[in-house]
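Enquirer: Right, I'll just put the structure down here and ask away after.
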Amino acid sequence: MVTCATRHYGPEMGSSTFLSIPIESDSMDKNTLQQLHAIVGETRVLTDADSLQSYGLDRTTVWTAAPCAVVLPGSIEEVQAIVRLANSEDLAIVPSGGRTGLSGGAVAKSGELVLALDRMNKVLDFNAVDRSLTCQAGIITQQLQEYAEEQGLFYPVDFASAGSSQIGGNIATNAGGINVIRYGMTRDWVLGLKVVTGNGDILELNRGLIKNNTGYDFRHLFIGSEGTLGIICEATMRLAPPPKDPAVLVLGVSDFPAIMDVLKTYSGALTLNAFEFFSDLALDKVLAHQPLTAPFEQRTPYYALLEFEQTTPEVLDTAMGLFENCVAAGWVLDGVVSQNISQAKNLWRLREDISETLSFAKPYKNDISVQVSQMPDFIRAVDDLASQRYPDFEVVWYGHIGDGNLHLNILKPDELSVEEFNQQCSSVSVEVSELVQAFNGSVSAEHGIGLLKKPYLSYTRSETEISLMRQMKSLFDPKGILNPGKLI
Ligand code: MLT
Ligand code: ZN
């Protein structure tokens, strides 16, 4: 596979290099550029330095952007024509959504053509009877949520970057977020997809049906495939009835095991929309950078954030009764419950703003999961490992503990360069991955594999599985033009 002109491949993760080495950007050859102009129009092919920089990176901080051009198609037919051109010219394509990913899945570091779905951002159809919405892949997640709300419905997949991520990227990475405990992952909301495969075929997958047992469900193969099999162009999404009067409860918790006791107590008695946690260090960082106040006067080692629907007035009484039981058991030291939507939003920000707040410190991110039942032992083991192997680094804990997903962020000290820091952290990653494997867990719970987690894929997937993935890739993308080097 060649990219636009001469290839300049950057360092591969998984080898000993983990460095941010600037890569010279290739310019696209004139003939290919003219053909692209003919497909989308001249103004829809960007080659200026700013566009190459911003479209060439996601939210990872490891690589240097070096695409040869950015193309902005306006229809599935244009996407198909670009993919066909890429096949004939042997041109690598990086599909691009909101580029909010944290694993390098949308990074173009080797002279690829970035195919950005920004212009394909329309709602195409809404059906109240089916409670479904068909949209183009470039619609911003929050716009889809707002559209659903205007129809009296609810799109429940939500996360801090919903304001800039696109639904196509959510589907390509099977995004999770804060409501998974109640509503599942993006996969659970996709009724149908229209994709252009790496071969240039248009596939219409599942056509919005709830029941359709007619053989292999390719829709699910494309969900989470990180742009390696095809380009998601349209999606039909299922919508839910809106939650009734959600309340947010933040509890100050004494230690890690107590968080699990609190989870057991609340999930046994209430239907929870979310059960998140964060450490006091995470709160410290958020309060230092955001105009927010601590949930209560007395700081505690950890915090659990719960959301539940107040379907009846008794629900709040139940929640308060459980709070008293948790205090009596010594698990919970303090607590606060939202009285209105604005308080609920502010409490959520204490958790949701962590990721963006930490980004200033170029953190080394872990996104790992085990079965919820394994969490207490797993957390103990990860905590031991982190304190032994990161004695001099600040380790910030937070995550979606209700669904077994921990985010462990190691902050870069000012005196270390990004390269030195990443090098040191990546050596610990092998040990973290071994631990994850020993617990039958996942090295990437919700951020995907991309470039960043590729060296660790084999700790969660067998060699046979990885080989089948490669065969699958060669079926849908025989020339390997789509997102080369990502995932497998
Ligand atoms: C989150 O849970 O805040 C997101 O997955 C982002 C992150 O892990 O930093
Ligand atoms: Zn997360």
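Enquirer: What relative contact order, as a whole-number percentage, does the chain give when Cα pairs under 8 Å and 6 or more residues apart are counted?
Expert: That works out to 16 percent.
Enquirer: Counting only heavy atoms of the protein chains, get the accessible area per residue of the chain (1.4 Å probe) and round it to a whole Å² value.
Expert: 42
Enquirer: Further question on the same structure: Starting from region 374-460, pick out the GluC sites (Glu not before Pro) whose DSSP state is loop and whose Cβ has at most 10 other Cβ atoms within 10 Å.
Expert: Qualifying residues, ordered by number: Glu415.
Enquirer: Quote the relative contact order of region 314-413 in percent (integer), defining contacts as alpha-carbon pairs under 8 Å separated by 6+ residues.
Expert: Computed value for region 314-413: 27 percent relative contact order.
Enquirer: On to the next question. In whole Å, what are the extents of region 297-450 along the principal axes defined by its C-alpha atoms, from largest to smallest?
Expert: 54, 33, 31
Enquirer: Using Cα positions and a limit of under 27 Å, work out the lysines in reach of Lys244, with same-chain residues fewer than 8 apart set aside.
Expert: Once the sequence-local lysines are set aside, what remains near Lys244 is Lys264, Lys345.
Enquirer: Here is a further query. Would you grab the residues whose amide H sits under 5 Å from the one on Gly335? Only those 5+ places off in sequence or on another chain, please, with H modelled 1.01 Å from N.
Expert: Close amide H contacts, sequence-distant or interchain: Gly252.
Enquirer: Let me ask something else about it. Scan around Ala274 for amide H atoms under 5 Å from its own, H built in the peptide plane at 1.01 Å from N, and keep only partners 5 or more places away or cross-chain.
Expert: Glu307
Enquirer: Check which residues have an amide H placed less than 5 Å from Asn405's amide H, if you skip close sequence neighbours.
Expert: Those lying under 5 Å, H to H, from Asn405 are His400.
Enquirer: On a 0 to 90 degree scale, rounded to 10, what angle separates helix 314-328 from the longest Cα axis of the chain?
Expert: 70
Enquirer: Mind listing the phi-derived Karplus ³J(HN,Hα) values for region 217-234, rounded to whole Hz, using 6.51, -1.76 and 1.60 with θ = phi - 60°, and x for any glycine or proline?
Expert: Once θ is set to phi - 60°, the couplings for region 217-234 become 9, 4, 3, 6, 5, 6, 5, x, 8, 6, x, 9, 10, x, 10, 6, 10, 9 Hz.
Enquirer: Roughly what angle does helix 280-289 make with the longest principal axis of the chain, taking Cα atoms, 0 to 90 degrees, to the nearest 10?
Expert: 60
Enquirer: Same structure again: So if I take the centroid of the Cα atoms in region 47-85 and the same for region 354-403, what is the distance between those two points in Å?
Expert: Their Cα centres are 33 Å away from one another.
Enquirer: Give the Debye-formula value of log10 I(q)/I(0) at each listed q (0.12, 0.25 Å⁻¹), with one equal scatterer per alpha carbon of region 406-488, two decimals each.
Expert: -0.45, -1.26
Enquirer: Measure off, as a whole percent, the carbon and sulfur share of the 1.4 Å-probe accessible area of the chain, all protein chains present.
Expert: 49
Enquirer: Now for a different question. Averaging the inverse of every distinct alpha carbon separation and then flipping it gives the Kirkwood radius. What is it for region 371-442, in angstrom units?
Expert: About 13.0 Å, per the Kirkwood formula over Cα pairs.
Enquirer: Here is a follow-up. Largest first and in whole Å, give the semi-axes of region 277-349's equivalent ellipsoid, each being the square root of 5 times a Cα gyration tensor eigenvalue.
Expert: With the √(5λ) rule applied to region 277-349, the semi-axes are 23, 17, 9 Å.
Enquirer: Please work out the Kirkwood hydrodynamic radius for region 308-357, using every pair of different C-alpha atoms, and report it in angstroms with one decimal place.
Expert: One decimal place: 12.6 Å for the Kirkwood radius.
Enquirer: Now for a different question. Binning at 20 angstrom from zero up to the longest distance, how are the C-alpha pair distances of the chain distributed in percent?
Expert: Using 20 Å bins, I get a P(r) of 23, 55, 21, 1 for the chain.
Enquirer: Taking Rh as the Kirkwood radius computed over C-alpha pairs, what is the Stokes-Einstein D of region 137-272 at 20 °C in a medium of viscosity 1.002 mPa s, expressed in µm² per second?
Expert: Rounded, D is 129 µm²/s.
Enquirer: Let me ask another. Tell me, what ³J(HN,Hα) does each residue in region 385-401 have, in order and in whole Hz, if you take phi through Karplus 6.51 cos²θ - 1.76 cosθ + 1.60 with θ = phi - 60° and put x for Gly and Pro?
Expert: 4, 4, 6, 6, 9, 10, x, 9, 9, 7, 10, 10, 9, 6, x, 9, 5
Enquirer: How big, in percent, is the set of alpha carbon pairs in region 87-147 lying more than 19 Å apart?
Expert: Roughly 46 percent, once rounded to a whole number.
Enquirer: Given bins 10 angstrom wide, list per bin the percent of all Cα-Cα distances in region 46-176, short to long.
Expert: The percentages, shortest bin first, are 13, 39, 32, 13, 2.
Enquirer: Right, next: Calculate, in whole percent, how much of the Cα-Cα pair population of region 155-200 lies beyond 17 Å.
Expert: Of the Cα pairs, 34 percent sit more than 17 Å apart.
Enquirer: Under the definition of Cα pairs under 8 Å and six or more residues apart, what whole-number percent is the relative contact order of region 139-236?
Expert: Relative CO of region 139-236 lands at 27 percent.
Enquirer: Let me ask something else. Helix-derived [θ] at 222 nm for the chain: sum -39500 (n - 2.57) over DSSP H runs of at least 4, divide by residue count, nearest 500?
Expert: Helix contribution divided over all residues of the chain: -10000 deg cm²/dmol.
Enquirer: Calculate one ³J(HN,Hα) per residue across region 207-215 by plugging θ = phi - 60° into the Karplus curve 6.51 cos²θ - 1.76 cosθ + 1.60, and present them in order as whole Hz with x for glycine and proline.
Expert: 6, x, 7, 7, 10, 6, 9, 10, x
The values are calculated or read from the model by the stated rules, or taken from the named source; none is laboratory data. As the structure is a computational prediction, the values presented were derived from the model and not from experiment. Neighbour counts are summed over all protein chains in view; Cβ atoms, including those assigned to glycine, are modelled from backbone coordinates with ideal geometry. For the accessible areas, the whole protein counts, side chains as well, though only heavy atoms, and no ligand, DNA or RNA atoms are used. Shrake-Rupley method; radii C 1.70, N 1.55, O 1.52, S 1.80 Å.
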